[in-house]
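To start, the structure under review is shown below, and the notes come after it.
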């Protein structure tokens, strides 16, 4: 176990088992906090890893009730440990499961930094070789997880809520009404062709 710094916070990390938070994800925190302000909000961080984004949002927005989900059996205990470390167990709730499945109800803000680098390009990213493969790389064009999340958000995002995705080192934002446009922007699933 190691310590890493994210958004000025000291967090526990499990190199090789849970992806280390990157400074580029701080823009997701900024975008969420700008939206939440000083008001109350129900927030979910999908694909939380070690809990960095969820914890940073909770600390910056003291009236936010934050949920954090991850499918990884290594990530969930690590996120729980980081939540306890920062004294947030009463406002950051970590659950294991796929995307929004482990949490109920509507959310004002959904944030996600999911695996999106195409698996076929893994050799082009030596800087990511020490990270867990499934936390970084995804099949096809890499956007399958995001397409699934946008579809799920159509029934889980509050009418006046916002979905914030990190993709290619930038934040994509969509209100409830803009979800169809975001689906179009993500494009259709890439067809994988087998070599003859």
Highest mean first, what order results for 66-79, 117-130 on Cβ atoms within 10 Å? 66-79, 117-130
Determine which residues of the range 128-142 fall in the zone a paramagnetic label at residue 74 would reach in this model, i.e. backbone nitrogen under 12 Å from the point 7 Å along Cα→Cβ. 130-136
Which value in nm describes the separation of the simple spin-label points at residue 104 and residue 27, placed 7 Å from the Cα toward the beta carbon? 3.7
Per the helix-only model, the chain has a calculated mean residue ellipticity at 222 nm (DSSP H runs of ≥4, -39500 (n - 2.57) each, divided over all residues, rounded to the nearest 500) of -8000 deg cm²/dmol
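Over the range 26-116, what is the mean sequence separation of C-alpha contacts under 8 Å (at least six apart), divided by residue count, expressed as relative contact order in percent?
Values: 178 pairs, mean separation 31.7, N = 91.
About 35 percent, as a whole number.
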Only bridges with both residues in the chain count here: give the DSSP antiparallel percent, nearest 5. 35
Distance in nm between pseudo-label sites at residue 96 and residue 177 (7 Å out along the Cβ direction from Cα): 4.2
Contour minus Cα-Cα span, residue 151 to residue 81, at 0.36 nm per residue, comes to 22.1 nm
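Relative contact order of the chain: what whole-number percent is it, with Cα pairs under 8 angstrom and at least 6 residues apart? Provide the component values of the computation, followed by the final result.
Working: 390 pairs, mean separation 38.0, N = 196.
Result for the chain is 19 percent.
Every number in this text was worked out from the coordinates using simple rules, so none of it is lab data. Predicted model, so just to flag it, every value in this text is computed and none were measured. Cβ sites come from the backbone with ideal geometry, for glycine too, and all protein chains shown count toward neighbours.
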